[in-house]
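Note sheet for the following structure.
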Amino acid sequence: MNLQTAIDQFLTRLEAEGKSPHTISCYRRDLRSLATFAGDIAVAELTEDLLARFLLSDSVTKTHTGTPRGQASIGRIKACLKSFGRFVANVGATGRDPAAWIKVKRHQRETPSYLTPQEVKVLVKAVASRKGAAAERDLVMLKILLGTGIRLAELVGLDIADIRLDDKKLRLRHTKGGHAQERFIATDLRRALRKYIRERKKVAADSDALFLSNRNTRISTRQVQARMKLWLAWAGLDGKITVHGLRHTFATTLYGRTRNLLLVSKALGHAQVATTQIYAHIADDELE
């Protein structure tokens with residue numbers, strides 16, 4: 001079995017296990033880099049030395065722009081190699097796991113960037129002041145991100161049928177852990193969604209996606225990132241946060257109101273409360 005065949009089988013296994021599309025996409029990118037570095041070799045030639053040289057190469061240590069890659073990203077690549085190493089060993093493609101020696105260290109999470117309540121008002125007002133279908137779509141996307149804390153991939157994965165207004169919930173099928181989840185929808189957000197969905201159903205599109213691009217296909221994560229970057233600049237908040245910062249904004253706001261980490265953890269869909277601990281540190285800084 002050659003390396004590329006093993007990679008294809010590994011990704012198929014991940015999909016069958018219900019891993020999220022985001023996880024599979026990241027692993028595909030990491031393993032593609034490995035295949036480029038190693039060449040079209042047999043999996044049996046995937047040695048500890050080869051993996052060590054790969055981890056020290058520019059493919060791992062630097063981004064596509066040449067800047068040093070963050071420890072979190074390198075840690076994800078190591079985790080990918082460990083998972084792939086176990087797979088090729090279990091299917092008998094190698095004598096032993098070539099990645100068993102790799103250690104994945106837990107890194108200290110940086111304090112996330114987020115918007116203050118006043119900055120949120122400025123941003124929402126900036127988008128609401130613009131006319132047109134694209135601006136109206138972007139406003140609803142923004143309100144969902146701020147009102148539920150869902151991830152970007154979860155947002156673009158929403159279908160019309162996932163919005164259950166009568167139940168006051170939205171359904172997430174493309175979560176990070178691969179498990180279907182639900183999020184509550186507040187009254188103001190339900191009102192905005194009800195109005196938006198009426199107009200969205202009038203659009204003739206092959207996709208059932210809740211949010212469409214200007215080509216009437218499901219909007220992509222890159223398109224949402226570009227649109228939100230535009231609105232942040234329009235609101236005078238350019239460079240303040242990324243789209244993921246809207247999730248942090250939701251979390252810090254919720255924790256500030258409740259001081260309940262378990263509640264925030266559940267609202268964000270975290271598997272462990274320890275992941276949510278960072279928001280308590282933010283509150284402590286504000287309190288000081």
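Worth pointing out:
- Cα-derived Rg over Rh, computed across the stretch 156-288 with Rh taken as Kirkwood radius: 0.99
- One entry in (1) 22.4; (2) 25.1; (3) 21.2 is Kirkwood radius over Cα pairs in Å calculated from the shown coordinates; its label is (3).
- Working from label points 7 Å from Cα in the Cα-to-Cβ sense, the Ala44 to Gln4 distance is 2.1 nm.
- 17 Å Cα cut-off, lysine pairs counted over the stretch 147-288 (separation 8 or more, or different chains): 6
- Thr217 sits among other residues whose Cβ lies under 14 Å from its own Cβ, and their net charge, with Lys and Arg +1 and Asp and Glu -1, is +2.
- Phi to ³J(HN,Hα) by Karplus 6.51 cos²θ - 1.76 cosθ + 1.60 over the stretch 255-270, Hz, x for Gly, Pro: 5, x, 7, 10, 6, 10, 5, 4, 5, 5, 4, 5, 5, 8, x, 6
- Here the 3J(HN,Hα) profile of the stretch 48-55, calculated from phi with Karplus coefficients 6.51, -1.76 and 1.60 at θ = phi - 60°, is 4, 4, 4, 5, 5, 5, 5, 5 Hz, Gly and Pro shown as x.
- For Leu212, residues with placed amide H under 5 Å, excluding near neighbours: Ile219
- The helix-only estimate of mean residue ellipticity at 222 nm for the chain, built from DSSP H runs of length n ≥ 4 each weighted as -39500 (n - 2.57), is -17000 deg cm²/dmol after division by the residue total.
- Integer Hz, Karplus 6.51/-1.76/1.60 couplings in order for the stretch 213-224, x for Gly and Pro: 7, 6, 9, 6, 10, 4, 5, 9, 4, 5, 5, 5
No lab work stands behind these numbers, since they all come straight from the coordinates. None of these values were measured; they are calculated from a predicted model. Positions of Cβ are generated from backbone atoms using ideal geometry, with glycine treated the same way; all protein chains shown enter the neighbour counts.
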